[in-house]
1. Determine the pairs where a residue that is closer than 13 Å to Ser259 by Cβ and open to solvent by 20 Å² or more (accessible area, probe 1.4 Å), located within region 272-290, has a partner that is assigned to a helix (DSSP H, G or I) and not charged (D, E, K, R) with Cβ atoms under 7 Å apart, the partner being 6 or more residues away or on another chain.
2. Would you please name the residue that is modelled with the lowest pLDDT, looking only at residues in region 208-224 that are under 13 Å from Ile175 (Cα atoms) and open to solvent by less than 60 Å² (accessible area, probe 1.4 Å)?
3. Please name all residue pairs, on different chains or six or more residues apart, with Cβ atoms under 9 Å, provided the first residue is in region 363-376 and is without any contact (Cβ under 8 Å) to a residue 60 or more places away in the chain and the second residue is in a loop (DSSP other than H, G, I, E, B).
4. With respect to Val3, is the statement that it is modelled with pLDDT of 90 or more and among the hydrophobic types (A, V, I, L, M, F, W, C) true?
5. What number of residues within region 155-166 satisfy the criterion of being closer than 15 Å to Met252 by Cα and open to solvent by less than 40 Å² (accessible area, probe 1.4 Å)?
6. Just checking, does region 48-55 include any residue being open to solvent by less than 20 Å² (accessible area, probe 1.4 Å), outside any loop (DSSP other than H, G, I, E, B) and among the hydrophobic types (A, V, I, L, M, F, W, C)?
7. Report whether or not Leu385 is aliphatic (A, V, I, L, M), in contact with a helix residue (DSSP H, G or I) (Cβ under 8 Å, 6 or more places away or on another chain) and within 30 Å of Asp204 (Cβ to Cβ).
8. Return yes when Ala293 is under 30 Å from Leu365 (Cβ atoms), part of a helix (DSSP H, G or I) and out of contact with any Cys (no Cβ under 9 Å at 6 or more places or on another chain) and no when it is not.
Amino acid sequence: MSVQLALTSALSGLRMTQQQAAMVSHNLANATTAGYVRRDLDLSAVTTAGRGAGVRVDAVARKVDELLIRDARFETSRYSGQEARASALADYALVLGQPQDEKSVSTQLSKLQQAFSRLHDMPNDDAARNAVVSQATALADGLNRAAEAAQTVQEDARGRLQTSVDAVNTSLQRISELNGRIATLETRGGDAGDLRDERDRLLDRVSQEIGIRTYSREDGQVVVMTRNGQTLLDHPLAPGEQPLTLLGDEVMANGVALSAKPDSEIQSGRIMGYVQTIKQDMPRAMAQLDELAAGIVQAFQGAEADPTQPGLFTDAGAAYGATAGLASRIAVNDAVRTESWRMQSGVQAAAPLQPGDQTQIDKFLTVFTDTRSFAATDMPANATLGGYATAMVSAQQGYRTGAESEMNARKISADTLETARINRDGVNIDDEMQKLMLIEQSYGASAQVVQVAGRMIDILLQIKG
């Protein structure tokens, strides 16, 4: 009986080491596979009639730290959202320029003031008059370009938002399929580790697009929700079913507009960054630009004999009409392009003033020194045109630098947690190689027991014969 138990134990050890060798080999083969979680065998001792009878493989263990995965996904999601927003702000800021840059509207406005000052010293100089017209045109063009850049960034964010929504829906469809396969396989006692790895990679991908929470059911299926509790996946999805939809600029889930309150409903992910760009950052930038354009048009219109008629700057050729969208419509009055004497006499003048008359030029210069009221977000309520322009460019560059600073901080946090996740759940080649050595020793020992037991049986048979 003891020889039989020895053989049984040794044979179970051989089978166990064979399975361990296969598992370690699988781990090593996937050491560089993104999202692969290291596998181990859960073992237990076998007893027969109270006596040890070898070892049994109970299950293939895929042990992960769900809290660490949750935290890593959340930080990565926050980073990807801030990266999307920072990228959009950087694209816009590149066109806007710094306050001291030649292309910035604050510099162009300052140059226009300097051009008027030179004209004041030389009111009869045609070159000085033309220089004012040229600089006024440069200022209007600068405002047009900045407004166009803001609109382009906003439209680009809309396209990227649709791409992100489509990516989420595609991933959720695949996760739904994997849920069913995992539940079926595990019910039959199979190993669904590779399917779970694929599902986790898809969940990682979804979390980069939108902040999510997940929990697992007893049958192994996973439920996916937004961070504020809107369900994205809790049942098998029909082909073509879309948990997330885009209605205009609104991201919808279960009939709820997540983008109505993005800070609380979405919280993180690229979708969050694109929504902020579309609904907050670019509208704010355009409103600030429009307010400056309105100030310029109204100020120069007020410096003319009839403040209700077009001045040096117009609203698409007409007198000031509305602030919204004015930065895109502002233009220099066509009258001064062919009759530069109006820079000395006034845009609305019927005839040129006397040579050397600086009266109208003085009125134009007061435009730059008078304090005006403004009503744009984050902007001074009262300022000169130059003061407002400088404050606007500085603020908009500040939005960019602030977003980039937060993005870098989020990246450090995300990288730290992702590294911790890989170190805990990933494959350490050195550890696996050490396991192989132990497996080899264990296999050799079990094989030796079989040989010894075989010789013992041979001896017993010889004695009996």
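1. If the second residue must be assigned to a helix (DSSP H, G or I) and not charged (D, E, K, R), the pairs left are Tyr274/Ala84; Tyr274/Ala157; Tyr274/Leu161; Tyr274/Ser164; Gln276/Pro262; Lys279/Ser259.
2. Step by step, filter region 208-224, then rank; the result is Gly220.
3. Listed by first residue and then by second, the contacts come to Thr369/Thr384; Thr371/Thr384; Ser373/Ala381.
4. So Val3 fails the test.
5. So the answer is 3.
6. Looking through region 48-55, at least one residue is open to solvent by less than 20 Å² (accessible area, probe 1.4 Å), outside any loop (DSSP other than H, G, I, E, B) and among the hydrophobic types (A, V, I, L, M, F, W, C).
7. Considered against the rule, which asks whether it is aliphatic (A, V, I, L, M), in contact with a helix residue (DSSP H, G or I) (Cβ under 8 Å, 6 or more places away or on another chain) and within 30 Å of Asp204 (Cβ to Cβ), Leu385 comes out as no.
8. Judged against the criteria, Ala293 is a match.
The values are calculated or read from the model by the stated rules, or taken from the named source; none is laboratory data. Fair warning: this is a prediction, and the values are worked out from it, not measured in the lab. Glycine also receives a Cβ, built like all others from the backbone with ideal geometry; neighbour counts cover every protein chain displayed. Ligands, DNA and RNA are stripped out before the accessible areas are found, and what is left, the full protein with its side chains, is counted by its heavy atoms. Shrake-Rupley method; radii C 1.70, N 1.55, O 1.52, S 1.80 Å.
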